[in-house]
Amino acid sequence: MYAIVSIAGQQFKVEKDKKIFVHRLPGEAGSISEFDKVLLIDNEGSVSIGNPYIDDAMVTAKIVSHLKGDKVLIFKKKRRKGYQKLNGHRQYLTEIIIEDILESGAAKRKSAATQKEKQEKAEKPQAVTEKTAKAEKDVIKAEPRKAAKQAVKKAEKAGAKKAEPKAEEKKAKPKAGTKKDAAGKSGSKAGADKAESKKAEKPPVKTAKTAGTKKTEPKTAKTAGKTTKTTVKAKSDAGKAKKNETKAKTGKK
């Protein structure tokens, strides 16, 4: 009886009590690991093929040891370029022994394992994660800061309340030279009264309409000047015409 199983990304033909080397698996030496990606099982001529895996099939194996594979040399060269490079690599491997090949019953085993895991988780106290621990630390740090801010605000309010009565007392107390100030105030009041009376005596301000009428007056004066100029020109032209006539008459004679 043999099976073809996918283990850590590689496919192996396995039989009971067979040792194979696979890519590094999680788990300590001596622990048992289970592989449910079974592609094919041949049980003495009866072959069952999966699509892609066989349901309820499982292969169990025991981890023997973790080791490194043989060194693999990687040599690179570019001819006529003077380029050469040599690297080495050793793959991390795990040696396992196949213990059993199960055609069915894998689901039952899985369900039992999951129930055990659930019970263990319920019994164990919940592990404190890094996020919760950080959040608790931030809360602890923030509490004294908030208290300090509140204390500062209370002190500021108390100082403001104390300062208010002092300011009122200062305003209430009369300062030196109040008589002079009163005289100055009275003089300023008298000056303000005089200014108001002068404003009342002044003629009312001319509106835009009156201003417009005044602007039209100089325009009429300009037109009158133009007419006078035209009349003067007409007279001079008439005098020139008379002179020309006289000249013409004298020339004929």
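The values are calculated or read from the model by the stated rules, or taken from the named source; none is laboratory data. Owing to the predicted nature of the structure, the values given are computational and were not obtained by experimental measurement. Glycine gets a Cβ as well: all are built from the backbone with ideal geometry, and neighbour counts include every protein chain shown.
General remarks:
- When the stretch 43-98 is limited to residues that are acidic (D, E) and touching a Ser or Thr at 6+ places or on another chain (Cβ under 7 Å), the one that is modelled with the lowest pLDDT turns out to be D56.
- Looking across the stretch 18-31, the residues that are closer than 16 Å to E99 by Cα and surrounded by 13 or more Cβ atoms within 10 Å (Cβ to Cβ) come down to K18, I20, F21, V22.
- Only one of the listed residues (A113, A135) is surrounded by 11 or more Cβ atoms within 10 Å (Cβ to Cβ), modelled with pLDDT under 70, not hydroxyl-bearing (S, T, Y) and not in a strand (DSSP E or B). That residue is A113.
- Of all the criteria given as (1) of a type in the set (V, I, T); (2) surrounded by 13 or more Cβ atoms within 10 Å (Cβ to Cβ); (3) modelled with pLDDT of 95 or more, the one not satisfied by I101 is (3).
- Note on the stretch 10-67: residues that are in a strand (DSSP E or B) and under 19 Å from L93 (Cβ atoms) total 21.
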